[in-house]
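A.B. asks: What follows is a structure written as structure tokens; I'll ask about it next.
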């Protein structure tokens, strides 16, 4: 399912199963995009706090979610995690 189909199905589905599958696809895409951009932000030198502010969450929340998942080379750019 591509992004356009998933979006349309999530909004327009009359069968809840179709809509729910579309939501799962969109959530998976959003998670992958968020991970990619958190890594890019760390690689560019952004702090956990700045990333958290951009995502609208606490520093602790973003750190807990990503500190062990991101490529560790990105963490070393800033020194301390």
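Just so it is clear, none of the values below were taken in a lab; they were calculated from the coordinates. Model, not experiment: these values are computed from the prediction. Glycine also receives a Cβ, built like all others from the backbone with ideal geometry; neighbour counts cover every protein chain displayed.
A.B. asks: Using per-residue counts of other Cβ atoms within 10 Å, averaged over each peptide, order 27-36, 47-56 from highest down.
C.D. replies: Values: 27-36: 11.9, 47-56: 15.1.
With the highest mean Cβ count within 10 Å placed first, the list reads 47-56, 27-36.
A.B. asks: Something else: Candidates (1) 15.2; (2) 17.7; (3) 14.1; which is the computed Kirkwood radius over Cα pairs in Å?
C.D. replies: Computed from these coordinates, Kirkwood radius over Cα pairs in Å corresponds to label (3).
A.B. asks: Run the helix sum for the chain: -39,500 (n - 2.57) per DSSP H stretch of 4+ residues, divided by residue count, reported at 222 nm to the nearest 500 deg cm²/dmol.
C.D. replies: On the way: 5 runs with 60 residues, N = 81.
Dividing the helical sum by the residues of the chain leaves -23000 deg cm²/dmol.
A.B. asks: For a label point 7 Å from the Cα of residue 64 along Cα→C-beta, name the residues of the stretch 1-35 whose backbone N is under 20 Å from it.
C.D. replies: In the stretch 1-35, the label zone of residue 64 (backbone N under 20 Å from the point 7 Å along Cα→Cβ) covers 31-32, 34-35.
A.B. asks: How many nm is it between the label spots at residue 50 and residue 28, if each spot is 7 Å from the Cα in line with the beta carbon?
C.D. replies: Each label point lies 7 Å from its Cα, and together they span 3.3 nm.
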